[in-house]
Structure formats: structure tokens, C-alpha cells
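The next block holds one structure in the form of C-alpha cells; read it before the comments.
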Amino acid sequence: MASNLTDLIARAPWREAVTYRDTWPHEYVMSKTHHQRELLAAICDRFRRGEGVPGRFFTMENTYLFIGDFKYWLMTPFEKIDPYFDDVNYAINRAPLYRDRRDFVIQEGDTGRPEDYPSERARIR
């Protein structure tokens, strides 16, 4: 029996992404290493149903899923993932929502910490 997405999120063994600890704090789980294929499949399903929001991290375009107090994203485009048959170890990432422009555009000087919030308005191209 498949679990709902919020149950899968709650059970996932989220880990701090130490490589970005000082630049953009977030957490991740790996689909294969951490046995999170079902979570990956549920997120991909939401993206395929059109629930993702396009956004950017500096110059990198991506699709984000907003659930509860977090935004979720994948490093691989969801269209290229088959969570049930791929033998790839995909990263599933999440960061807390700030409920401001950082949820859509990350710009120079914005570290994800409230005290580093850029004073200039983000320029969306």
C-alpha cells in the first residue's frame, strides 16, 4: 500500500547537506542509499501532474514543489527519472520556506540565512 507524500516525507532520514552548510543550508536524502524510491516516485508524480513551480537557483533553472514549511527539488530533471526502474541514486533536496522572494529567486549575497537577505530586489529575467 502506497503512503501519502507527507507520511513519506516525515519518515525520510533527512541529512544536512554539509557541502552547502555555509552557502545555502538544506537537507537531502538519496533515493537508493536511504531507500527512498517511494518518496522519489511520489515527488515525480506531483511534478508530472503540474504541481511543480519553475524557479531558479542563481542561474540554474529548476522545478520546486512546495509542501508544508519546505520546498523540495531534484538535481535531475524529473522527466528523465523512472523511480521504479532506474538504478540511479537520486538526491531529493529540501529547504525551509521563507515565504518571500528567496523561495523563487536566489541571488548574489543571499545565503538562505535571514541576516544575509539581500537589500536589492531580485531581477527575474
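FYI, it's all coordinate maths here, none of it is from the lab. Quantities reported herein were computed from a predicted structural model and do not represent experimental measurements. Counting neighbours? That spans all protein chains shown, and the Cβs are built from the backbone with ideal geometry, glycine included.
I need the shape label for region 2-78. Rule: rounded when a/c is under 1.5, else prolate if a/b > b/c, else oblate, with a, b, c from the alpha carbon gyration tensor.
Oblate.
Apply the Karplus curve 6.51 cos²θ - 1.76 cosθ + 1.60, θ = phi - 60°, to the phi angles in region 57-64 and return the couplings in whole Hz, x for Gly and Pro.
These are the phi-based 3J(HN,Hα) values: 10, 6, 9, 7, 7, 8, 10, 10 Hz.
Sorting check: for 57-63, 77-83, which peptide has the highest mean count of neighbouring beta carbons within 10 Å, and how do the rest follow?
Those peptides, ordered most packed to least, come out 77-83, 57-63.
Name the residues whose placed amide hydrogens come within less than 5 Å of the amide hydrogen of Ile67, ignoring near sequence neighbours (fewer than 5 apart) on the same chain.
Tyr72
Where does each of 84-94, 38-48 land if you order them by average Cβ count within 10 Å, highest first?
For the peptides 84-94, 38-48, the packing ranking is 38-48, 84-94.
Output the relative contact order of region 1-87, whole-number percent, from Cα pairs under 8 angstrom with separation of 6+ residues.
Here the relative contact order equals 21 percent.
Quick one: net charge around Ala91, please, counting Lys, Arg +1 and Asp, Glu -1 for every other residue with C-beta under 11 Å from its C-beta.
Its environment carries a net charge of +2.
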